[in-house]
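See structure below.
The values are calculated or read from the model by the stated rules, or taken from the named source; none is laboratory data. Just so it is clear, the model here is predicted, and its values are computed rather than measured. Reconstructed Cβ throughout: ideal geometry from the backbone, glycine too, with neighbour counts over all protein chains shown.
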Amino acid sequence: MNIINIEHIAKIYQVGSEEVHALADVSLRINKNEYVAIMGPSGSGKSTLMNILGCLDTPTKGLYDFSGENVSQMNDNELASIRNRQIGFVFQTFNLLARSDALHNVELPLIYAGVSSHERRERAEAALENVGLKDRMTHKPNELSGGQRQRVAVARALVTNPSIILADEPTGNLDTKTGEDIMRLFHEIHEAGNTIILVTHEEYIAEHAARIIRLRDGLVERDEVVINRYIPV
Amino acid sequence: MKNLLFEIKEGLLISLKAIRANKARSVLTTLGIIIGVASVVLMSTAIKGIDQSFQAGVASLGSDNLYIDKWAWFDNDIPWWEMRNRKDITMEDFRAYKDLAKLPISIAPSANSQRTIKYEERSVQFVFITGTDFNYINTTNLSFDEGRFFTELESNGGRSVVVLGSEISKKLFPQGGALNQLIKIGGNRFKVVGVLEEQGSWVMGGWNPDNQAYVPIQNIFKYFVSRHSNGITINIRAENSQMVESTKEEALGIMRRVRGLKYDEKNDFSINQQEGLLTNINETVGVIQIAGLLITGLALFVGAIGIMNIMFVSVKERTREIGIRKAIGATKRTILGQFISESAIICLIGGMIGLGVAIIGSMIIAQFDFPVTIDIDAVILAVTISLITGVISGFAPAYTAAKLDPVDALRYE
Ligand SMILES: Nc1ncnc2c1ncn2[C@@H]1O[C@H](COP(=O)(O)OP(=O)(O)OP(=O)(O)O)[C@@H](O)[C@H]1O
Ligand SMILES: [Mg+2]
């Protein structure tokens with residue numbers, strides 16, 4: 001079943017008198033419980049595509065259908081609600097609230113979802129335990145290592161039980177070993193039945209996924225199945 | 001409804017967290033509002049104090065009184081030179097009026113002079129000495145701390161006796177015991193027969209009974225009056241406020257007869273009454289009020305601009321935070337609410353501190369006999385004003401925050 005269906009999406013920025021086609025014409029279908037990597041040279045439109053898929057941004061042209069709902073027609077509030085309930089973001093730079101501890105960072109999406117404080121706490125603690133940070137819940141981001149921060153971000157992405165996880169270069173700021181830890185986490189999340197889309201520059205990271213979509217100049221250059229998938233142990 | 005309450009509660013909690021996280025800035029932000037609210041509270045309390053003082057002053061003079069005088073006290077319609085050219089009101093006029101008047105419950109003459117009063121090495125300068133007769137006390141609401149007013153006998157005999165206002169007595173006899181002492185007024189000996197109870201109306205200045213001394217009127221003519229004038233004022237007390245008008249009518253008729261005026265001649269005297277004083281006071285208080293409001297309004301405005309400015313800086317600095325919040329599902333309304341409540345809470349805290357400052361300030365001012373008391377109205381005023389200021393000055397920054405594009409905000413360095 002399609003969870004994501006985009007048709008002829010374009011994103012055009014007006015820079016001075018010049019038009020920048022960050023995305024020229026992209027059509028994609030992604031099924032539930034797929035594990036997809038998006039690759040491509042810098043400036044090829046990967047982040048732009050992720051932002052559109054994540055309802056952070058709206059396309060200039062084209063149609064976006066998210067689990068049967070027409071996202072292209074939605075207003076700001078509806079988009080915020082989709083982001084809150086259906087999508088879990090993981091960013092390259094973690095994007096945690098610097099002055100709040102891990103627990104509050106993970107609770108935040110639940111606050112916006114209107115979950116009562118008691119249930120919120122339980123779910124946030126469970127999510128942190130899930131990523132192996134049970135003993136770091138009251139730590140602020142600057143008291144955590146890069147890998148731990150990214151795990152807090154993953155816990156935050158998971159805590160609302162979203163339909164998909166979107167990760168834009170989640171290992172980009174981490175060393176190889178820590179990156180591998182995060183990828184193992186993603187593997188487990190995928191095994192648990194989640195849909196994952198991740199952007200990466202590294203071939204070996206991409207090979208964790210089952211499918212690689214290669215972008216170039218705002219177009220899909222290739223869309224391939226990974227034959228020799230790397231399964232973390 | 002439940003949802004909205006939840007959102008408000010969570011919004012307030014988020015704001016509180018953010019304020020605690022940005023302590024130093026929050027403190028700076030509140031300074032303007034502390035000053036603004038403190039000045040509003042102090043000013044409004046002071047104005048109230050002034051007003052009450054005026055009213056107390058009027059009450060101590062008696063509100064059912066009429067004063068026949070050469071001068072119109074509050075009426076600006078009669079040109080001053082016309083009043084100056086009037087004949088003085090004399091003791092003969094007073095006696096003639098007193099013989100004919102039936103309505104007043106009490107009538108007394110009064111004449112004033114300013115003198116230095118001395119007791120041993122203590123002295124008070126420029127004291128308002130009121131000369132009058134024994135009936136005077138019944139035209140006022142004055143009461144006694146000790147002693148009495150001078151008797152009919154002392155009055156008629158023009159004895160050297162004096163009744164002191166409470167303030168004068170305090171200055172001459174800090175330890176008390178004024179009664180029966182001999183004091184010197186303008187070099188002449190007087191025996192203290194009474195000390196008045198404090199009236200506490202500082203605004204009336206020399207007119208305040210606290211700052212006066214009362215002697216039989218003959219002494220004024222004998223010792224204190226300068227060559228040009230032996231004019232007096234006739235003090236009249238009407239039976240009650242309903243009788244004030246008819247008492248005034250009667251006085252008008254009698255005085256015209258006493259002064260020998262023909263039917264086409266204008267009055268060569270004025271009948272003054274409290275009403276004139278009251279309108280005067282209300283006008284004065286009104287002017288003070290407007291000036292006070294302008295000044296404090298300005299202070300608040302500066303405070304509000306400060307808050308707005310710092311909230312704008314805060315929004316700018318926290319652009320990334322806003323982007324994160326939006327990415328994980330905060331709506332425009334949530335962000336708007338968060339920043340407005342942040343600003344409102346900061347202002348409220350500032351307002352409370354300002355209120356504290358005002359309370360301390362009023363205690364200090366109270367040391368100088370300025371009657372200020374901060375009451376519940378002032379607290380309500382401080383809370384409302386700081387909340388309103390917070391919401392208004394927080395709105396524009398909050399709106400810019402709410403409007404931010406999440407992608408741009410997340411990319412912000
Ligand atoms: N706000 C913007 N205004 C103008 N041009 C933009 C804007 N955002 C992105 N672009 C342009 O769109 C193109 C695609 O950008 P995008 O960030 O999607 O690239 P990317 O594939 O994620 O690159 P990288 O691998 O470096 O992250 C780039 O040429 C970029 O300059
Ligand atoms: Mg990118």
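Tabulated data for the structure shown
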item: Test: residue in segment A:200-217 that is within 16 Å of ligand 1 (Cβ to nearest atom), over 21 Å from A:Gln92 (Cα atoms) and either among the hydroxyl-bearing types (Ser, Thr, Tyr) or surrounded by fewer than 17 Cβ atoms within 10 Å (Cβ to Cβ) (or both); result: yes
item: Unmet criterion (only one of (1) within 14 Å of chain B (Cβ to nearest Cβ); (2) away from ligand 2 (no atom under 16 Å from the Cβ); (3) of a type in the set (A, V, I, L, M)) for A:Ile12; result: (1)
item: Segment A:158-210, subset assigned to a loop (DSSP other than H, G, I, E, B) and within 14 Å of chain B (Cβ to nearest Cβ), residue nearest to ligand 2 (Cβ to nearest atom); result: A:Glu169
item: Extreme residue, farthest from A:Arg184 (Cα to Cα), among residues of segment A:126-145 that are in contact with a helix residue (DSSP H, G or I) (Cβ under 7 Å, 6 or more places away or on another chain) and assigned to a helix (DSSP H, G or I); result: A:Pro141
item: Selection within segment A:82-102 - over 17 Å from B:Ser15 (Cα atoms), more than 7 Å from every other protein chain (Cβ to nearest Cβ) and without any contact (Cβ under 8 Å) to a residue 60 or more places away in the chain; result: A:Ile82, A:Ala102
item: Search result, residues across segment A:104-119 that are under 20 Å from the mean Cα position of the chain (by Cα), more than 8 Å from every other protein chain (Cβ to nearest Cβ) and farther than 13 Å from B:Ile324 by Cβ; result: A:Glu107, A:Leu110
item: Strands (runs of 3 or more DSSP E) fully within segment B:29-133 counting 2 or more residues that are of a type in the set (Ser, Thr, Tyr); result: B:106-119, B:122-132
item: Close pairs (6 angstrom Cβ cut-off, 6 or more residues apart or separate chains): of a type outside the set (Phe, Trp, Tyr) in segment B:387-413, within 16 Å of ligand 1 (Cβ to nearest atom) and not in a helix (DSSP H, G or I) anywhere; result: B:Pro406/A:Leu56; B:Val407/A:Leu56; B:Val407/A:Asp57
item: Output for segment A:84-125, where each listed residue is within 16 Å of ligand 2 (Cβ to nearest atom) and either aliphatic (A, V, I, L, M) or assigned to a helix (DSSP H, G or I) (or both); result: A:Val90
item: Any helices (runs of 4 or more DSSP H) falling wholly within segment B:308-413 and containing at least 3 residues that are among the acidic types (Asp, Glu); result: none
item: Identity of the residue in segment A:21-45, in contact with a Leu (Cβ under 6 Å, 6 or more places away or on another chain) and within 10 Å of ligand 2 (Cβ to nearest atom), that ends up nearest to B:Lys403 (Cα to Cα); result: A:Gly45
item: Residue that is farthest from the other protein chains (Cβ to nearest Cβ), among those in segment A:43-79 that are of a type in the set (Gly, Ala, Ser) and free of Cβ contacts under 8 Å to residues at least 40 places away in the same chain; result: A:Gly68
item: Scan of segment A:128-147 for residues that are within 15 Å of A:Ser100 (Cβ to Cβ) and in contact (Cβ under 8 Å) with a residue 24 or more places away in the chain, ordered by number; result: A:Leu128, A:Leu133, A:Arg136, A:Met137, A:Thr138, A:His139, A:Lys140, A:Pro141, A:Asn142, A:Leu144
item: Options A:Lys61, A:Lys46; residue that is within 20 Å of the chain's Cα centre (by Cα) and among the basic types (Lys, Arg); result: A:Lys46
item: Test for B:Ala344: is it small (Gly, Ala, Ser), under 35 Å from the mean Cα position of the chain (by Cα) and farther than 16 Å from B:Ile307 by Cα; result: no
item: Test: residue in segment A:41-56 that is more than 15 Å from ligand 1 (Cβ to nearest atom), charged (D, E, K, R) and either part of a strand (DSSP E or B) or under 19 Å from A:Ile164 (Cα atoms) (or both); result: no
item: Hey, A:Ser27 away from ligand 1 (no atom under 12 Å from the Cβ), surrounded by fewer than 21 Cβ atoms within 10 Å (Cβ to Cβ) and assigned to a strand (DSSP E or B) or not; result: yes
item: Test: residue in segment B:319-326 that is at pLDDT below 90 and surrounded by fewer than 19 Cβ atoms within 10 Å (Cβ to Cβ); result: no
item: Sole residue being in contact with a strand residue (DSSP E or B) (Cβ under 9 Å, 6 or more places away or on another chain), modelled with pLDDT under 95 and away from ligand 1 (no atom under 11 Å from the Cβ), chosen from A:Val71, A:Val36; result: A:Val71
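Each row is one residue, and each column tells you yes or no for (1) crowded, with 20+ Cβ neighbours inside 10 Å; (2) farther than 30 Å from A:His104 by Cβ; (3) of a type in the set (A, V, I, L, M, F, W, C); (4) within 14 Å of chain A (Cβ to nearest Cβ).
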site	(1), (2), (3), (4)
B:Glu249	no, yes, no, no
B:Thr284	no, yes, no, no
B:Ile290	no, yes, yes, no
B:Gly329	yes, no, no, yes
B:Glu342	yes, no, no, yes
